[in-house]
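Coordinate-derived values only; no laboratory data. The model shown is predicted, which means the values in this text are computed figures rather than measured ones. Cβ placement follows ideal geometry from the backbone for every residue including glycine, while neighbour counts extend to all protein chains displayed.
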Amino acid sequence: YTSPSYQCGLNVVRPDGTMTVRYLEGQGEEGLERAVRFIRKYDGAYDGLIRGALLPERIETQTEENLIRTKQYAEELKCPIKLHAAQGLFEYRFIKERTGKSPVEYLESIGFLGKNVGIPHCYIVKGTRWVEDGGDDLSILSNTGTTAIFCPVIIGRSGHYQDSFAKYRARNINVAVGTDTFPPDFFQNIRIASWFSQMAENKVEGSAMADVYRAVTLGGSALLGREDLGRLAPGAKADMIAVDLEDFHMGAVDDPIRTIFMCGCGRDVKMSVINGKTVMKDRTIEGVDLEEIKAKGQKYYDKMRMGYMERDYRHLSEDELFRPSFPIHK
């Protein structure tokens, strides 16, 4: 599910170090039209493996008009929307100062939320420990059928966590799981989502590996409105992976779900089948040179790293901006 993403502006840092959004006239509207053209051209291509989705980046970098138009197009094209929101305190404060509402309240007020909408992160919301304002954003998510897409690894890197997976599910909110960072390893995200939720709830019930696994499979398919995905059943697509449990690091095999997600990682996937076709076997993808892709990724990262140094308003040195874990003696 894809199309070119788009935004109406960029997050920028003022000379005093505070953040704001710089809007670029016409950019978001042009991006939306480009995405719509892509979906109309490619939705259903490759025997249905390519499907359209509207991806309007971050809530604070969109104008209200562009969000409303995005929702209208999604209804017309019958495709899902993914919008990053409720993912940081700057964004929360920015939206509240502009609208008087939380990000979730604001999206509800313009008719944006619904069963075809997924919100990555979605954890800086009223009704959790991260927001002191009164209110209950969880009821809004539940009543509108909106999906919260948890990305526990990248949120955990900043010292935060969702409050909590079990709480959202108990409130009848559909929850899916995403990665939003490298490595895009669902094993790692399932493990950490389960641990964070157990710590928040102080119990295992509702936060077990199997609970999060259902969010990865059935939660994702519910957002897409696809009962033929996320399960092995008559009429469903033959999508599956085979996981190697033989390596020493897996330890003694207990329940396979617990063993896989407690001890394993994405590299333990030995075979992948998509719609009945084997696309990866013995960790080899035919026609794909992973070393070449890795080299290109490193080259792109090095270029992006230099860009950060150019944009840094404090003009810090490379060692200060990208501080090594330990001192490097040359």
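Our estimate of slack between Tyr23 and Arg231, defined as 0.36 nm per intervening residue step minus the Cα-Cα distance, is 70.6 nm. Across the stretch 104-110, coupling constants 3J(HN,Hα) worked out from phi with the 6.51/-1.76/1.60 Karplus curve, θ = phi - 60°, read 5, 4, 4, 4, 5, 5, 9 Hz, and Gly and Pro carry x. In terms of the Cα gyration tensor, with a ≥ b ≥ c the square roots of its eigenvalues, is the stretch 85-167 rounded because a/c is under 1.5, prolate because a/b exceeds b/c, or oblate? It comes out oblate by the Cα gyration axes. For the chain, the convex hull drawn through the C-alpha positions has a volume of 186 cubic angstrom per residue. With 0.36 nm allotted per residue and the present C-alpha distance subtracted, the Asp133-Asp319 stretch has 63.0 nm of extension available.
Computed over the Cα atoms of the stretch 36-98, pair by distinct pair, the Kirkwood hydrodynamic radius stands at 13.0 angstrom. With N counted as the residues of the stretch 74-216, its alpha-carbon radius of gyration over 2.2 N^0.38 Å works out to 1.00. Per-peptide packing, taken as the mean over residues of other Cβ atoms within 10 Å, places 35-42, 150-157 in the sequence 150-157, 35-42 from highest down. If you take the Cα centroid of the stretch 8-23 and the Cα centroid of the stretch 185-244, the two points sit 37 Å apart.
For the stretch 289-330 versus the stretch 109-157, the inter-centroid distance based on Cα atoms is 33 Å. Normalised size of the stretch 64-120, defined as Cα radius of gyration per 2.2 N^0.38 Å with N residues, equals 1.12. Based on the Stokes-Einstein relation at 10 °C and a viscosity of 1.306 mPa s, and on the Kirkwood radius from alpha carbon pairs, the stretch 24-149 is assigned a translational diffusion coefficient of 105 µm²/s. For Asn275 and His329, a Förster radius of 45 Å and the Cβ-Cβ distance give a FRET efficiency of 0.25, rounded to the nearest 0.05.
Pairwise Cα distances in the stretch 138-222 exceed 18 Å for 35 percent of all pairs.
Scalar couplings 3J(HN,Hα) for the stretch 74-81, obtained by applying the Karplus form with A = 6.51, B = -1.76, C = 1.60 to θ = phi - 60°, are 4, 5, 5, 8, 6, 10, x, 10 Hz; x denotes Gly and Pro. The modelled label-to-label distance between Tyr42 and Leu245, using points 7 Å beyond Cα along the C-beta direction, is 3.8 nm. For the chain, the 222 nm mean residue ellipticity estimated from helices alone, with every DSSP H stretch of n ≥ 4 adding -39500 (n - 2.57) and the total spread over all residues, rounds to -11500 deg cm²/dmol. Summing charges over neighbours of Pro80, with a neighbour being any other residue whose Cβ is under 12 Å away from its Cβ, gives +4 when K and R count +1 and D and E count -1.
Mind checking the log10 I(q)/I(0) for the stretch 205-330 at q = 0.16, 0.20 Å⁻¹? Debye, one equal scatterer per Cα, no solvent, two decimals. Treating every Cα as an identical point scatterer, log10 I(q)/I(0) equals -1.00, -1.14.
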